[in-house]
Amino acid sequence: MSSENTGHDPFEFLHDDAEDAADMGDVERPTPDEGDPALREQVLEALKTVRDPEIPVNLVDLGLIYELLVNKDGVVYVEMTLTTPACPVAGALPGQVRDAISAVPGVQDARVKLVWTPPWDKDRMSEEAKLELGLID
């Protein structure tokens, strides 16, 4: 059965993800204030629950989180990248990051910006991640 007969686009999910990823690019970075160290720690722990489905390591240890800004008013800004622009979860992973941050009590506004510069490389990974993936002995 073709999509012409049903009126359903079988690749609709790709369009939705592409739009979500594009929306992530126009995120406004808030002006930093003195911050909230306790909330920052909770947000960082929440970020560590998000994993790249192809690599069994969390995004923080993979080095995919380039910036974490947690303001006193509960506004959280994350600038992140992916291992490659061709990553199959490019549309979904930033949303998962936003959802994880939003679930932290005290977060009023979770903003996630997907960037490609500088490009990610394995040197951004933590020592623990490199050990877990067998990249160092």
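Only residues that are surrounded by 16 or more Cβ atoms within 10 Å (Cβ to Cβ) and within 16 Å of TRP120 (Cα to Cα) were counted in the stretch 67-88, giving 7.
Restricted to the stretch 99-132, and to residues there that are of a type in the set (Gly, Ala, Ser) and over 17 Å from GLU67 (Cα atoms), the residue that is surrounded by the most Cβ atoms within 10 Å (Cβ to Cβ) is ALA129. Looking across the stretch 81-124, the residues that are of a type in the set (Asp, Glu) and farther than 19 Å from THR49 by Cβ come down to ASP109, ASP121, ASP123. A single entry from ARG51, ARG40, ARG29 fulfils the requirement of being at pLDDT 95 or above and basic (Lys, Arg): ARG40.
The selection criterion, being under 9 Å from the mean Cα position of the chain (by Cα) and touching a residue at least 40 places away in the same chain (Cβ under 8 Å), does not hold for LEU69. The single residue among LEU44, LEU131, LEU135 that is free of Cβ contacts under 8 Å to residues at least 24 places away in the same chain, in a helix (DSSP H, G or I) and among the hydrophobic types (A, V, I, L, M, F, W, C) turns out to be LEU131.
Screening LEU82 against (1) without any contact (Cβ under 8 Å) to a residue 40 or more places away in the chain; (2) out of contact with any helix residue (DSSP H, G or I) (no Cβ under 8 Å at 6 or more places or on another chain); (3) of a type outside the set (S, T, N, Q) leaves a single unmet condition, (2). The criterion of being without any contact (Cβ under 8 Å) to a residue 12 or more places away in the chain and within 10 Å of the chain's Cα centre (by Cα) does not hold for ARG98. Residues in the stretch 84-93 that are in a loop (DSSP other than H, G, I, E, B) and within 11 Å of the chain's Cα centre (by Cα): VAL89, ALA90, GLY91, ALA92.
The values are calculated or read from the model by the stated rules, or taken from the named source; none is laboratory data. Owing to the predicted nature of the structure, the values given are computational and were not obtained by experimental measurement. Cβ coordinates were reconstructed from backbone atoms using ideal geometry, including for glycine residues, and neighbour counts include every protein chain displayed.
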